[in-house]
Amino acid sequence: MSVSLGLPGIRSNEAPPVLAPRRASRQIKVGKVLVGGDAPISVQTMTTTLTSDVNATLQQIAELTAAGCDIVRVACPSQDDADALPEIAKHSQIPVIADIHFQPKYVFAAIDAGCAAVRVNPGNIRQFDDQVGAIARAAKDAGVSIRIGVNAGSLDKRLLEKYGKATPEALVESAVWEASLFEEHDFHDFKISVKHNDPVVMVRAYELLAAAGDWPLHLGVTEAGPAFQGTIKSAVAFGHLLGQGIGDTIRVSLSAPPVEEVKVGQQILQSLNLRPRKLEIVSCPSCGRAQVDVYTLAEQVTAGLEGLTVPLRVAVMGCVVNGPGEAREADLGVASGNGKGQIFVKGEVIKTVPESKIVETLIEEAMRIAEELGEGVEGEPTVSVS
């Protein structure tokens, strides 16, 4: 059977629709990954291991790479961490960014170690402005890019005195000032972030920054919180900005394992058609009309299709009101009721099965379609509730 998939942009040669064109930004390199310009928006995270523990850090980087992470950042607060950077940068399969605070000597150590980029926080590196020239020369000679990372929690004291707190204007003034110092030394291979824990303040800061120059922008809601809260805050802020075309690389900051940050970041981009969609499960929230246990069906189908990467929309529906229509619009679906389910493939009912066979049948059909498409299995499916 020939299957024409139903996700946006798959049925034709047209690109999937997006909310707005990408903002025109200059392009830089973070190792092998392009950031800015027309490059795909990349997903970043940060390791949680002690950087000085090379084996543990490389193991976590390997897990993040397998999860689809594009760029990884490692902390470098001590000399032991700096000493570990050459081995980590050499063996990581994705570009490594060294995260530097307080000690400017570690900026140069990271550049010498072969890191793809260095994140600097001007607000808490001693006499940072006086050393921009030396940092710019070292980075340019090594082909290393820089992230100017301005954070609400570590804003320059002069700006806190001027604005009273970390306002959007204060964050942007700090970032633009530091950018101008690098540009005075003819160094342009940098991106900027202006992070805040309040999505409203963060969004306004990035809007102001996007209007002030063509620098590539790294999006992040800093200290976003535990997984549920942080996911909501990040999705709201990123959705607003990316929906305007603002943002070139993202990091979802969660109090959760970094693999979860990668998954959330990828799903945000997929939801906005800024990254090719993979498996999507559409399931109803259930209500008094439902004639089957939709929660259990959706969970079992999701678990059974874990790792399927085909761009496939699967509808798991539980009543006769929306069920047939949603199942018909999906690539593969079921409309359930009265102890049985109608199985749809590309809008056509191919069979009716007992409720006890619904999950098994959907998984079999999904795997058959995947095999016809020659797709592998990796990652994890996503669930959207409508």
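A compact table of results
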| quantity | calculated |
| --- | --- |
| Residue count, segment 167-200 (criterion: small (Gly, Ala, Ser) and open to solvent by 20 Å² or more (accessible area, probe 1.4 Å)) | 1 |
| The lone exception for residue 275 - which of (1) farther than 11 Å from residue 336 by Cβ; (2) modelled with pLDDT under 85; (3) open to solvent by 10 Å² or more (accessible area, probe 1.4 Å) it fails | (2) |
| Where residue 36 falls short, out of the listed (1) surrounded by 14 or more Cβ atoms within 10 Å (Cβ to Cβ); (2) more than 23 Å from residue 111 (Cβ to Cβ) | (2) |
| Wholly within segment 24-75, strands (runs of 3 or more DSSP E) carrying at least 1 residues that are in contact with a His (Cβ under 9 Å, 6 or more places away or on another chain) and farther than 18 Å from residue 252 by Cβ | 28-30 |
| Neighbours by Cβ (under 7 Å, 6+ apart or cross-chain): first from segment 60-81, closer than 18 Å to residue 264 by Cα; second of a type in the set (Lys, Arg) and surrounded by 19 or more Cβ atoms within 10 Å (Cβ to Cβ) | 67/263; 73/119 |
| Qualifying residue in segment 131-138 (condition: in contact (Cβ under 8 Å) with a residue 24 or more places away in the chain and not in a helix (DSSP H, G or I)) | no |
| Subset of segment 327-349 [of a type in the set (Val, Ile, Thr), in contact (Cβ under 8 Å) with a residue 12 or more places away in the chain and over 13 Å from residue 297 (Cβ atoms)] | 345 |
| Subset of segment 64-84 [under 16 Å from the mean Cα position of the chain (by Cα) and exposed (fewer than 15 other Cβ atoms within 10 Å of the Cβ)] | 66 |
| Residue in segment 150-160 that is touching a residue at least 40 places away in the same chain (Cβ under 8 Å) and closer than 25 Å to residue 275 by Cβ present | no |
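Every residue, every condition in (1) open to solvent by less than 20 Å² (accessible area, probe 1.4 Å); (2) closer than 24 Å to residue 75 by Cα; (3) of a type in the set (A, V, I, L, M), yes or no:
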site	(1), (2), (3)
225	yes, yes, no
255	no, yes, no
265	yes, yes, no
270	yes, no, no
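The values are calculated or read from the model by the stated rules, or taken from the named source; none is laboratory data. Just so it is clear, the structure is predicted and the values come from calculations on it, not from any experiment. As a convention, Cβ positions derive from the backbone with ideal geometry for all residues, glycine included, and neighbour counts pool all protein chains shown. Remember, those area values only see protein heavy atoms, side chains included, never the ligands or the DNA or RNA. Shrake-Rupley method; radii C 1.70, N 1.55, O 1.52, S 1.80 Å.
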